[in-house]
Every structure is written in C-alpha cells, then in structure tokens.
Amino acid sequence: MTLEEKIGQLNLLTGGEATTGSTVSNDVETKIKAGKVGGLFSMSSPQKVRKTQELAINNTRLKIPLIFGMDVIHGYRTAFPIPLGLSCSWDLELIEKSARIAATEASADGICWAYSPMVDICRDPRWGRIAEGSGEDVYLGSQIARAMVRGYQGSDLSKNNTLMACVKHYALYGAAEAGRDYNTTDMSRVRMYNEYLPPYKAALDAGAGSIMASFNEIDGIPATANKWLLTDVLRKQWGFKGLVVTDYTGINEMVDHGLGDLKTVSAKALLAGIDMDMVGEGFLTTLGQSVKDKTVAMADIDRACRKVLEAKYDLGLFDDPFRYCDDQRAKTEIFTENNRQQARSAAANSFVLLKNANKTLPLTKKGTIAVIGPLVNNRENMAGTWAVSADFAKCVSLVDGIKHGGGNNVSVVYAKGANVYSDPTQEANVSIFGKPTNRDNRSDAELIEEALKIAQTADVIVVGLGESAEMSGESASRSDIQIPQNQQDLLKALLKTGKPVVLVVFTGRPLVLTWEDANVPAILNTWFGGSEAGNAIADVLFGDVVPSGKLSVTFPRSVGQIPIYYNYKNTGRPWSGKEGFEKFRSNYLDVSNKPLYPFGYGLSYTRFDYSNLQLSARKMKRSDKLMATVTVKNVGDFDGQEVVQLYIRDKVGSNTRPVKELKGFQKIFLKKGESKTISFPISINDLKYYDNNLNYIAENGEFIVFVGTNSQDCLEANFILE
Ligand code: BGC
C-alpha cells in the first residue's frame, strides 16, 4: 500500500443520517473513489450501502471494502428502552437478547459496526448522557457490558447477522465535572481502577472488536491523545488487539483543548494509539506531511492501518464486501412481530415502581381513565434519545397503550394539560434528532383548565410527566432535574380533584421527585421504553405484568446531594443515619444524606420477605468458596420477579473501602406464597480491590455480607478472611 492508501483507511466519514456535531462530511463520494475513506457511519439501507461500497470496490486500486458503522444503541428499527432503563431490568439474558435483535436488524440494513455498548459509569444525573449507560455501579455495569457485546457480536463476527461492538467512551466520560457534557474529568487512579475502568475492560474481555476514545481529558491530557490510556493501559496492561477510533472530531477538538494546531494534535493522537479518525479528517489532511517531517513514523501509520484492515477481515468484508447488503433480509428481519414483543417485554421489565400507596396500582380494567400530559399522546418521544433508526411512526403512545390494554370496559379520555417545557426558548434549541414535542400555543392556564374538565369525567387519572426524549442524551445536561414547573402545576391541579392519581414518569435520568414522592400516591418510572412503550406501560398499570425493575442509579432528594451513590466511603466523621443534622459530622444542614430512592430500589405489586441469611463458614481461607444463602418468600398477592442483591463490605483495609459494594444478584420468579433459598458463592476475587500502588489485592480481616431487596434494606452476616 502507498502512504496515501494507508492514510485513506484511517479516515472515517459520516453519511449524515444522524449528526452529533457541527462538522458534516462533504464530497464523500469523490473521496471514496480517490481511496481517501476507510469507512462511513450513519448511512443505512442495503441499497445505499451497496452503492457506496461499489464506489470503493470499483474505483480504487486495491478494492478495499469500506466498513459501515451506526449508533445502534438501544435497538434499531425496533427501539428498545434506553440503556439506563434496560439496566434497571437487571436481566442479563434480556439485555443480551435486545442487543442480538438490534444486531440482526441493523446488519440486515447494511450495517456491520455498532457504536455501543456505552459503559460510562455515571453518578451525576445532571449529565444527559446518563441515559445511555447502565448507571452508577461498576459490577452491574461490567455484567451488562459483557452481555451487550455477546449480543451484538454473537460467536462469529463474520456472520452476516452480527455487528462489531465499539465500547465507549474510553474513558471516564461519565465523570464530567458538574454534569456538564464534554467537561473536564479528574480523578485518582485508585478510583479509576476500582470504580470506572472495569466496565470497559469487561466489554473488551468479552471480545469487543473496537473501542472509542472519549472527548474529555484525563490527567490533563485529552483521552484522544492520552498515551497512558490508549497504549499503556489498553494495549499493554489489558492486551487489547482491536481497533481504536476517535469520537466525532475528537482530534480537531484538541485544538480547542489547547494542545496545538491540527497537524500537531493529529500526530499526537496517532502516536498515543488512535487508529481511525472520525469525521475530523485531521489524519487525512496532515499525516502525510508528518511522515515527511518525521514527526510520525511509517510504522505508526502501518499499525493504525493494520487495525482497520483487521477489523474488516474479521467482519468478513474481504470475502464479500456486500455481505450486509441483502435486500431480502431487510424485508423479513426488521421490525418483526417477534422483535416488537421482545421490546415490549424488555420495556415492562425496565420500569421501576417508585411508590404505590393504598394499592393504587394495578388499575382495574373498567371505568373511565383520564390519560393526561404533554407526552402521553406523542409516539416519537417514546423511542428515547439514541433511537436514531427507530420507526417513530409505529411507536405506541401511552394513550394508545391504555386503550389497547384496557379492553372494552375501559374508556379513555385525553388532555395535553401542559407543554413539556416551561420555557419555550429551551424547547426550540434542544432538538438534535428532530423529534417534535408538539408545543401547544395555548397558555399553561388554558391547558390545565381543559385537563381538569376532562379529569372530572374520569374514575382515575394517569398523568404522564417528565422529560421529552431530547432533554437527555448527548449535549443535554440540566442543572434543575425536577419535572418542569408548568408540568408540576398541572400535577398539583389534578391532585386537588381528589381522584386517584398515578404518575407515569418519562425521563432519561434520575429526576428529583421529592415533592411528588410526598404527595402522589403512585409513581411508575418508565424512562423511554422504545417502540412498544405505551403497551408495556399499560401492561404494568393493569397488572398484566408485575413490575420488577430496580434502580441502577440513585435518585437524589436534591440536586445539592450530587454526586450521590450507594458505594460511598464512610469518612472519618460519618453521619449516624438518624434523622436530623449532626454538628461536626459529614452531612448537610438542610437535607438528609439519604437519597430519595436508593440504588437497587424498586417496588412490586407483591412483597418479598427475606430471612435466614447464612454463611457456610465464619472463616474463609484464600482458596475457599464461601456460600451465602438466604430465604426469599413471596408474601403478597401476586406472582412476581425479585432481584436478590448481594453486597460486601471490607471492614478494614490498608486503603479506605466503600460502605458496601454490589458483588452479585439473581433475578428470580416466585409464585405467591412460594419461597426459595438463594445461594451466592463468594470467592477471593469478590474481595479484591486496587490499592494505592494499583496492586489488585484481598486483605485478611473482617467482611460484612449484605443480602436484600435494595442497597439499603438488607440482612447482614460477617466472616473473617484468613
Ligand atoms: C457521540 C458518540 C457517537 C458519535 C457518532 C458522538 O457525538 O459522542 O457516542 O457514537 O457521535 O455519532
């Protein structure tokens, strides 16, 4: 290959179907024919992809096929719940299946490379991209990362129904200061190794073929030029052999980071370990000169080019460049009835019942239900932030879902009641993927008045409030994470009717629901449930499905508590846990340390009783396996699923250790009245952590085992590691 041919392979352009930056690729066709493009993303359909692939195959000397990527994040044409929602299912099989379906649909539509899973740990719900990850926990996040990779890649990347996964955003993108997207991160290596890096590694260990560098800096150097991150950790410590790609214009952005001009930052990125340059064309336009200047060596170009070519080999593109361009598959494998059913079940499993006083839920299937709210009659918004390829018109709204689910004895009345935003200027600016929020020209007072009239005719009010899909996701940070004021006004007015009110929350992040929790009898958090959201919500509201979702992220009482997470450190002056402020202790004057809803929390229509937590021994040798067993009984009135959670605390260490850490979970099904004994094996690996010198160790001494229904309500037992 000539130098130009090699550099061409490093250039990744966008086909423009969904753009997430201000730069858009131009003259794409000419560049492909000239051998200046290695791949494209954001282009779909077997016909379009075939035509584009032909440009490369028919016009370039070496006929190297292009690779075609896409942000396949939570489903494809069939949209699944947003990843944060899916993670609340704690159901790895279901999550893997969702990725498998997404891979089948996307690969039938010309695509072979998915920019997923997004495994960024996040403890700050102001950050809009919390919607795209699996929440705050390193253990749950790592399990989900593996499941997603298995789902996308299957057992053989070269099959025409699998996608190469791209783990992102490496690294620490979810730790942006102040929850502001693209902002600086700064953290100790101890925290990185223990709490933030493992999900990336887990995804790579599961075989992910590629990884995307993040926009943020780490230790003062943007990830895109961070040799420690991209070479020392990724290649040397973890042994990763796959492809490393930038995020959108990540190289060019280093000019604004203040690292030099485009030629300088492009060379830095290549030398740090980047193989492929997304959109910015810094590699294309400057690397030739850098080779002449000897600021980069041909060997560096060769390394990057080899990685791009190897990915294409692995995907089978050299055997058949049109492998993913089968028109027949597109007709029969996309948006099938089966896929919709799976999406419906995934959605119902992702919802978290936050409150259910007086058995307000489930609803009976008779009488008149008023379905009220700015998003309840809006199909597009059900798909959620990254559903760029979803069939929006076929999404099921909440009004439609309740009509279908209620059957003949239910009549449904609807009113909008409020706009999504209090502030119309915010609404105008927020859209990136063009999903309408259908702003109404009537005043808030007029909308509420209409809603009250409609509500008066009903037996029960289901009010759907919260965020539109685009209030979370990329570039959608918020400082006030309550339900917008005008929607709260609607809720207060509806509560005054004295009728039973069920609040269905739409959101891409934990919202501050403190007022709602104190005043509304029933709250179901539904995230953005995807194509079948409306049906799935109705399934749960009517009790056809008993809710089982558990929070993968803490819900704060107040924005001032952020960052708030369950696996915090005790400090030297811990708060006692009793209500009220304590002087000279680590707590606030004006708010409790406790979250509104803790990690792992979620109610059911039935109740589970935990008893008899036993450890197989009180002392454990390093080679031993200890068994923790607990009895869980369904003592309520419904059959239901429960996520049994195991946490461990290392009581004494040479480093300070978190108050507890998730180390296992099992999602079980119990018929009413049924009880089961659940066992969790505990081995030395569950007790290890990275110490100050980054040695991965388990230290002798006392450990506490917690088993329970969420991170706060647990039974306890202890043992000694000898
Ligand atoms: C996002 C990535 C995404 C890429 C391509 C970027 O703005 O940060 O997550 O994969 O765009 O669309």
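Worth a mention:
- Residue match in the stretch 206-224 (condition: under 17 Å from Ala175 (Cβ atoms), over 19 Å from the mean Cα position of the chain (by Cα), part of a loop (DSSP other than H, G, I, E, B) and more than 16 Å from the ligand (Cβ to nearest atom)): yes
- Only one entry in Leu465, Leu491, Leu511, Leu503 is assigned by TED's automatic domain parsing to the domain that holds Leu363, part of a loop (DSSP other than H, G, I, E, B), modelled with pLDDT of 95 or more and buried (at least 22 other Cβ atoms within 10 Å of the Cβ), namely Leu511.
- Residue within the stretch 288-302 that is within 16 Å of the ligand (Cβ to nearest atom) and either in contact with a helix residue (DSSP H, G or I) (Cβ under 9 Å, 6 or more places away or on another chain) or modelled with pLDDT under 95 (or both) present: no
- Residue list for the stretch 1-21, filter: under 21 Å from Ala269 (Cα atoms) and not β-branched (Val, Ile, Thr): Leu3, Glu4, Glu5, Lys6, Gly8, Gln9, Leu10, Asn11, Leu12, Leu13, Gly21
- Of Lys168, Lys201, all but one fail to be in contact (Cβ under 8 Å) with a residue 24 or more places away in the chain and within 16 Å of the ligand (Cβ to nearest atom); the exception is Lys168.
- Residue pairs meeting the criteria (Cβ under 6 Å; at least 6 apart or on separate chains; first surrounded by fewer than 24 Cβ atoms within 10 Å (Cβ to Cβ), in the stretch 368-385; second of a type in the set (A, V, I, L, M) and in a loop (DSSP other than H, G, I, E, B)): Thr368/Ala458
- Hey, Asp205 acidic (Asp, Glu), in contact with a helix residue (DSSP H, G or I) (Cβ under 8 Å, 6 or more places away or on another chain) and under 24 Å from Met187 (Cβ atoms) or not: yes
- Qualifying positions in the stretch 638-652 - free of Cβ contacts under 8 Å to residues at least 60 places away in the same chain and under 33 Å from the mean Cα position of the chain (by Cα): Ile648, Arg649, Asp650
- Checking each residue in the stretch 563-582 for being touching a residue at least 12 places away in the same chain (Cβ under 8 Å) and exposed (fewer than 10 other Cβ atoms within 10 Å of the Cβ) picks out only Glu579.
- Some residue of the stretch 111-118 being among the β-branched types (Val, Ile, Thr) and within 14 Å of the ligand (Cβ to nearest atom): yes
- Output for the stretch 38-93, where each listed residue is hydroxyl-bearing (Ser, Thr, Tyr), in contact with a Leu (Cβ under 9 Å, 6 or more places away or on another chain) and more than 23 Å from Thr249 (Cβ to Cβ): Ser87
- For the stretch 116-138, residues that are out of contact with any helix residue (DSSP H, G or I) (no Cβ under 8 Å at 6 or more places or on another chain) and surrounded by fewer than 24 Cβ atoms within 10 Å (Cβ to Cβ) total 0.
- Qualifying position, being touching a Gly at 6+ places or on another chain (Cβ under 7 Å) and modelled with pLDDT of 95 or more, among Gly529, Gly543, Gly560, Gly572: Gly529
- Meets criteria (touching a strand residue (DSSP E or B) at 6+ places or on another chain (Cβ under 7 Å), part of a strand (DSSP E or B), at pLDDT 95 or above and under 26 Å from Arg123 (Cα atoms)) for Ile648: yes
- Any chance Gly473 is touching a Gly at 6+ places or on another chain (Cβ under 6 Å), assigned to a loop (DSSP other than H, G, I, E, B) and not assigned by TED's automatic domain parsing to the domain that holds Val388: no
- Test: residue in the stretch 527-534 that is closer than 27 Å to Ile454 by Cα, touching a residue at least 40 places away in the same chain (Cβ under 8 Å), over 19 Å from the mean Cα position of the chain (by Cα) and surrounded by 20 or more Cβ atoms within 10 Å (Cβ to Cβ): yes
- Annotation note: of Gly35, Gly69, Gly21, Gly39, the sole residue that is crowded, with 17+ Cβ neighbours inside 10 Å, within 16 Å of the ligand (Cβ to nearest atom) and farther than 18 Å from Trp113 by Cβ is Gly21.
- Qualifying residue in the stretch 638-645 (condition: out of contact with any Lys or Arg (no Cβ under 7 Å at 6 or more places or on another chain), in a strand (DSSP E or B) and exposed (fewer than 15 other Cβ atoms within 10 Å of the Cβ)): no
- Meets criteria (touching a strand residue (DSSP E or B) at 6+ places or on another chain (Cβ under 9 Å), over 30 Å from Gly407 (Cα atoms) and not acidic (Asp, Glu)) for Phe555: yes
- Pairs meeting the criteria (first residue in the stretch 243-261 and closer than 26 Å to Glu310 by Cβ and within 15 Å of the ligand (Cβ to nearest atom), second residue among the acidic types (Asp, Glu) and at pLDDT 95 or above, beta carbons under 6 Å, at least 6 apart or on different chains) are Leu243/Asp275; Val244/Asp275; Thr246/Asp277; Ile251/Asp277.
- The helices (runs of 4 or more DSSP H) located wholly in the stretch 27-90 that include 3 or more residues which are modelled with pLDDT of 95 or more and closer than 19 Å to Val279 by Cα occupy 28-33, 46-59.
- Of the criteria (1) outside the structural domain of His169 (by TED's automatic domain parsing); (2) at negative phi, which one Ala114 fails: (1)
- Residue pairs whose Cβ atoms lie under 6 Å apart, sitting 6 or more positions apart in sequence or on different chains, and linking a residue in the stretch 583-610 that is of a type in the set (D, E, K, R) to a partner that is assigned to a loop (DSSP other than H, G, I, E, B), are Arg585/Arg573; Arg585/Trp575; Arg607/Val635; Arg607/Gly636; Asp609/Val635.
- A Cβ distance below 8 Å, combined with a sequence gap of six or more or placement on separate chains, defines the contacts here; from the stretch 282-297, residues that are outside the structural domain of Asp247 (by TED's automatic domain parsing) reach no residue that is among the β-branched types (Val, Ile, Thr).
- When Ala176 is tested against (1) within 16 Å of the ligand (Cβ to nearest atom); (2) in contact with a strand residue (DSSP E or B) (Cβ under 9 Å, 6 or more places away or on another chain), exactly one condition is not met: (2).
- Residue match in the stretch 45-65 (condition: within 16 Å of the ligand (Cβ to nearest atom) and either farther than 24 Å from Thr2 by Cβ or surrounded by 19 or more Cβ atoms within 10 Å (Cβ to Cβ) (or both)): no
- Set Gly367, Gly316: member being assigned by TED's automatic domain parsing to the domain that holds Pro117 and at positive phi: Gly316
- Index of the failed condition, Gly316 passing every other in (1) within 30 Å of the chain's Cα centre (by Cα); (2) surrounded by fewer than 20 Cβ atoms within 10 Å (Cβ to Cβ); (3) in a helix (DSSP H, G or I): (3)
The values are calculated or read from the model by the stated rules, or taken from the named source; none is laboratory data. Since this is a predicted model, take the numbers as computed values, not measurements. We place every Cβ from the backbone using ideal geometry, glycine too, and count neighbours over all the protein chains shown.
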